[in-house]
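Peer 1: Provided herewith is a single structure, encoded as structure tokens, for subsequent inquiry.
The values are calculated or read from the model by the stated rules, or taken from the named source; none is laboratory data. The structure presented is a predicted model; accordingly, all values stated were derived computationally and were not measured. Don't worry about glycine lacking a Cβ; one is built from the backbone with ideal geometry, like all the others, and counts go over all protein chains shown.
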Amino acid sequence: MDNLLEKSALTVNPGIEQPPLINPEALARIRRNRKKPLSLEQYVEGILEGRMTVLSQAITLVESLLDEHHAMAQAIIEKCLPYSGKSMRIGITGVPGAGKSTFIEAFGKKITSWGHKLAVLAIDPSSERSKGSILGDKTRMIELSCDPNAFIRPSPSAGSLGGVARKTRETVILCEAAGFDTIFIETVGVGQSETAVHSMVDFFLLLMISGAGDELQGIKRGIMEMANMIVINKADGNNIDKATLAKAQYQSAMHLFPIAASGWIPKVLTTSSKEKTGMEDIWASINDYISLTKNNGFFQSNRQEQTKFWMYETINETLQNNFYSNPRICKLLKFYEDKVATDRISSFIAAKELLNKYFETI
């Protein structure tokens, strides 16, 4: 029987020793070539020289949630602050399907062809469930992303108000220090509050389309009041007449609003991103607005109000993060959630007690 087993085809011969999954020499080579983190001086020097790789790395630090990254980012921003403030900041929002990305690419290519340097900060919506974002704006702006005078940076909205990324304002400072004289901030679309983007730009552009039902239906008065210009996109082909009619309707509606503090009367223009028409008129109107507001003092006073607004926003955000990261509060939250859910205590009393316990720890 033993002889039969020894001659069986099922007998497994001893094999050779398996090599490691990762080549140790290649791994050592990767470790040797791994770049050391840049110093503060290297970051600032690279940004001021307009090196896009360094600018992108600095923006990543700004968006990071790590404390050590936050400290470095704030140091970079402080160093770059004296070199900022010289750009034209333009916020662009619009209804879903208005063609914001297509418009930005067509308009952006025109702006760079006129000798300007353009940075596009495209805000991508974050999933409330997974907290992730597609960040696909570069794939929708292929020509502009290849333009040497343009820089596109998609950022996740991270659930922040109005779809504006939490660190977009700091990113604007870095882009201005890098030499970009025109900044686009594209929001995720018309939402309940576009105040956030309005509070960080000089000019607010609302992109609309015609032929989609009642032109004024669903557009909140507050958003139209914030707009310095309404642009009817896709004014081409069989849609030209509808776009012209929509322009007249919006222009009539805009006259019903009180005159803005800037003294500017909002304009309504038409454009075709496909045929690249109407872009010159839009750019001329934006420059007219900037010229008017600089001459009457509104431009500078508006920026000063914006900086104060973001100071208070930072205070609110820091306090909120501090509250929820407090170890004592983390232990008590579930307890108070259960009490509120079972009607043993009101939401307001629970919040007050939690805040009192938080202030006892600081």
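Peer 1: Does W264 satisfy being in contact (Cβ under 8 Å) with a residue 60 or more places away in the chain and among the aromatic types (F, W, Y)?
Peer 2: Numbers: in contact (Cβ under 8 Å) with a residue 60 or more places away in the chain: no; among the aromatic types (F, W, Y): yes.
Answer is no for this residue.
Peer 1: Within region 267-286, work out how many residues are in contact with a Lys or Arg (Cβ under 6 Å, 6 or more places away or on another chain) and touching a residue at least 60 places away in the same chain (Cβ under 8 Å).
Peer 2: Filtering region 267-286 down to residues in contact with a Lys or Arg (Cβ under 6 Å, 6 or more places away or on another chain) leaves 268, 270, 279, 285.
Subsequent filtering for residues that are touching a residue at least 60 places away in the same chain (Cβ under 8 Å) retains 279.
Total satisfying the criteria: 1.
Peer 1: Can we say A246 is within 28 Å of the chain's Cα centre (by Cα), in a helix (DSSP H, G or I) and assigned by TED's automatic domain parsing to the domain that holds F184?
Peer 2: Numbers: within 28 Å of the chain's Cα centre (by Cα): no; in a helix (DSSP H, G or I): yes; assigned by TED's automatic domain parsing to the domain that holds F184: yes.
Taking the combined requirement at face value, the residue does not satisfy it.
Peer 1: Then there is this: Only residues that are in a helix (DSSP H, G or I), crowded, with 20+ Cβ neighbours inside 10 Å and aliphatic (A, V, I, L, M): list them for region 73-99, please.
Peer 2: Just the residues of region 73-99 that are in a helix (DSSP H, G or I), to begin with: 73-83.
Pick out the ones that are also crowded, with 20+ Cβ neighbours inside 10 Å and you get 73, 76-77, 80.
Listed by number, the residues that qualify are A73, I76, I77.
Peer 1: Pull out all pairs, ordered by first then second residue, where Cβ-Cβ is under 6 Å, the residues are six or more apart or on different chains, the first lies in region 287-299 and is touching a residue at least 12 places away in the same chain (Cβ under 8 Å) and closer than 17 Å to I259 by Cα, and the second is small (G, A, S) and not in a helix (DSSP H, G or I).
Peer 2: Cβ pairs passing all conditions: T293/S262; N296/G263; F298/S262.
Peer 1: OK, next. Just the residues that are closer than 20 Å to L65 by Cβ and either loosely packed, with under 10 Cβ neighbours inside 10 Å or among the hydroxyl-bearing types (S, T, Y) (or both), please, taken from region 317-334.
Peer 2: Within region 317-334, T318, Y324, S325, P327 meet the criteria.
Peer 1: Taking region 237-257 as the search range and keeping residues that are touching a strand residue (DSSP E or B) at 6+ places or on another chain (Cβ under 7 Å) and surrounded by 17 or more Cβ atoms within 10 Å (Cβ to Cβ), which one is farthest from T271 (Cα to Cα)?
Peer 2: M254
Here's the yes/no breakdown for (1) touching a residue at least 40 places away in the same chain (Cβ under 8 Å); (2) of a type outside the set (G, A, S); (3) under 22 Å from G50 (Cβ atoms); (4) out of contact with any Leu (no Cβ under 6 Å at 6 or more places or on another chain):
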site: M88; (1), (2), (3), (4): yes, yes, yes, yes
site: G91; (1), (2), (3), (4): yes, no, no, yes
site: V95; (1), (2), (3), (4): yes, yes, no, yes
site: K117; (1), (2), (3), (4): yes, yes, yes, yes
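Peer 1: For T102, work out the one condition from (1) in a helix (DSSP H, G or I); (2) not assigned by TED's automatic domain parsing to the domain that holds S199 it doesn't fulfil.
Peer 2: Answer for T102: the failing condition is (2).
Peer 1: Checking G263 against (1) over 18 Å from G97 (Cβ atoms); (2) within 27 Å of the chain's Cα centre (by Cα), only one condition comes out false. Which one?
Peer 2: (2)
Peer 1: Residue by residue through region 22-58, note down the ones that are within 29 Å of A177 (Cβ to Cβ), outside any loop (DSSP other than H, G, I, E, B) and among the small types (G, A, S). Please lay out each step first, then the result.
Peer 2: Of all residues in region 22-58, those within 29 Å of A177 (Cβ to Cβ) come to 34-58.
Cutting the leftovers down to outside any loop (DSSP other than H, G, I, E, B) gives us 40-48, 52-58.
Within region 22-58, G46, S56, A58 qualify.
Peer 1: Taking the stated definitions as given, is E275 under 29 Å from the mean Cα position of the chain (by Cα), assigned by TED's automatic domain parsing to the domain that holds K234 and either under 23 Å from T168 (Cβ atoms) or modelled with pLDDT of 90 or more (or both)? Give the steps one after another, and end with the answer.
Peer 2: On the way: under 29 Å from the mean Cα position of the chain (by Cα): yes; assigned by TED's automatic domain parsing to the domain that holds K234: yes; either under 23 Å from T168 (Cβ atoms) or modelled with pLDDT of 90 or more (or both): yes.
Answer is yes for this residue.
Here is a yes/no grid of residues against (1) aliphatic (A, V, I, L, M); (2) over 30 Å from S101 (Cα atoms); (3) in a helix (DSSP H, G or I):
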position	(1), (2), (3)
W283	no, no, yes
N316	no, yes, yes
L332	yes, yes, yes
Y358	no, yes, yes
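Peer 1: Looking at region 47-60, which of the residues that are surrounded by 10 or more Cβ atoms within 10 Å (Cβ to Cβ) and more than 14 Å from A73 (Cβ to Cβ) is farthest from the chain's Cα centre (by Cα)? I'd like the intermediate steps shown before the answer.
Peer 2: Looking only at region 47-60, we keep the residues that are surrounded by 10 or more Cβ atoms within 10 Å (Cβ to Cβ), and these are 47-52, 54-60.
In the following step, the residues that additionally are more than 14 Å from A73 (Cβ to Cβ) were identified as 48-52.
Values: L48: 22, E49: 24, G50: 20, R51: 21, M52: 18 Å.
If we take residues in region 47-60 being surrounded by 10 or more Cβ atoms within 10 Å (Cβ to Cβ) and more than 14 Å from A73 (Cβ to Cβ), then E49 is farthest from the chain's Cα centre (by Cα).
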